[in-house]
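The values are calculated or read from the model by the stated rules, or taken from the named source; none is laboratory data. Here the structure is a predicted model, which is why all the values come from computation and not from measurement. Glycine also receives a Cβ, built like all others from the backbone with ideal geometry; neighbour counts cover every protein chain displayed. With ligands, DNA and RNA removed, areas are computed over all heavy atoms of the protein, side chains included. Shrake-Rupley method; radii C 1.70, N 1.55, O 1.52, S 1.80 Å.
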Amino acid sequence: MKVWILIGPPGAGKGTQGDLLKERLPIHKLSTGDVLRKHIEAETTLGRQVKSIMAEGKLVSDEILLALVAAELAEVQGQDVLLDGYPRTVAQADALEGLGVSVAQVIYLAVDESALVRRLTGRRLCPSCKRIYHIEASPPQLAGHCDYCVDTALIQREDDQEERIWTRLAIYEKETAPVLAYYRVKGLCQEVKAEGEVENIYAKVASIFLQEQSVIK
Ligand code: AMP
């Protein structure tokens, strides 16, 4: 099993790029945010435990995340995995190493702070298929409704409200930016300027994967 890591501030496009990679390359995507949101929806014990932390835009504990990631990775043994949203702290990066997985590359999606705030405040989500839209940059055909699940009204994530966005950006700088340094010294970090057309960014991200023959379909 090889693991790729998509890392970047909230709003950098990890979800969008991760979805495209999953659709187009033989790689399993593990988004810790998506797994946690599913727990909240299903009102599991874990979901109840993390609900308010996530709504506030704060980080769930390293212990919870490690248990979750270890269980998810155990289920997809033998496949190449794209981690979206993990590790988010240096302790999580250490824990991942402790699981004995081999990190192939860390792809850092770099975006200016002003663009991040615009992206996050305009982001809308289909609660059914989880597709991501933007009210200006990638609006649905019918305002407020998913193009694929026509009866479903799009929602705004609670943590995409402006005051929560600043909390998330501050936590990113304090906790997650050091993870980049952690992988840089290992020679494992490649930066992609993640502004402009989604497909142009995808081409740059995909080329990093395609350097590794094993993931070409
Ligand atoms: P995301 O969908 O990646 O933006 O994650 C949404 C929220 O889930 C984050 O703001 C955290 O509250 C929680 N979360 C996801 N991944 C992690 C992680 N690796 N460590 C701590 N909290 C996380």
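Observations, loosely collected:
- Being away from the ligand (no atom under 15 Å from the Cβ) and in a helix (DSSP H, G or I) is a property that ALA74 has.
- So ALA55, is it of a type in the set (Gly, Ala, Ser), within 20 Å of GLY11 (Cα to Cα) and more than 10 Å from the ligand (Cβ to nearest atom): no
- The set of residues from the range 58-68 being open to solvent by 20 Å² or more (accessible area, probe 1.4 Å), among the aliphatic types (A, V, I, L, M) and near the ligand (Cβ under 7 Å from one of its atoms) comprises just one member, LEU59.
- Among the conditions (1) closer than 21 Å to GLN17 by Cα; (2) free of Cβ contacts under 8 Å to residues at least 60 places away in the same chain; (3) surrounded by 15 or more Cβ atoms within 10 Å (Cβ to Cβ), the only one that SER128 does not satisfy is (3).
- Selection of the range 1-24 for residues being open to solvent by less than 20 Å² (accessible area, probe 1.4 Å), in a loop (DSSP other than H, G, I, E, B) and either in contact with a Lys or Arg (Cβ under 6 Å, 6 or more places away or on another chain) or under 20 Å from SER102 (Cβ atoms) (or both) yields GLY8, PRO10, GLY11.
- Under the condition of being open to solvent by less than 50 Å² (accessible area, probe 1.4 Å) and in a loop (DSSP other than H, G, I, E, B), the residues counted in the range 43-57 number 2.
- Taking the range 170-217 as the range and being aliphatic (A, V, I, L, M) and more than 20 Å from GLY18 (Cα to Cα) as the test, the residues that pass are ALA170, ILE171, ALA181, VAL185.
- Members of the range 50-78 that are in contact (Cβ under 8 Å) with a residue 40 or more places away in the chain and within 17 Å of the chain's Cα centre (by Cα): MET54, ALA55, GLY57, LYS58, LEU59, GLU72, LEU73
- Checked against (1) in contact with a helix residue (DSSP H, G or I) (Cβ under 6 Å, 6 or more places away or on another chain); (2) within 13 Å of the ligand (Cβ to nearest atom); (3) open to solvent by 20 Å² or more (accessible area, probe 1.4 Å); (4) part of a helix (DSSP H, G or I), LYS29 passes all but a single condition, namely (4).
- Restricting ALA71, ALA91, ALA95, ALA104 to residues that are more than 25 Å from GLN190 (Cα to Cα), open to solvent by 10 Å² or more (accessible area, probe 1.4 Å) and hydrophobic (A, V, I, L, M, F, W, C) narrows the list to ALA71.
- Taken together, the residues in the range 178-197 that are loosely packed, with under 15 Cβ neighbours inside 10 Å and in a helix (DSSP H, G or I) amount to 3.
- Single unsatisfied condition, PHE209 versus (1) surrounded by fewer than 17 Cβ atoms within 10 Å (Cβ to Cβ); (2) at pLDDT below 95: (1)
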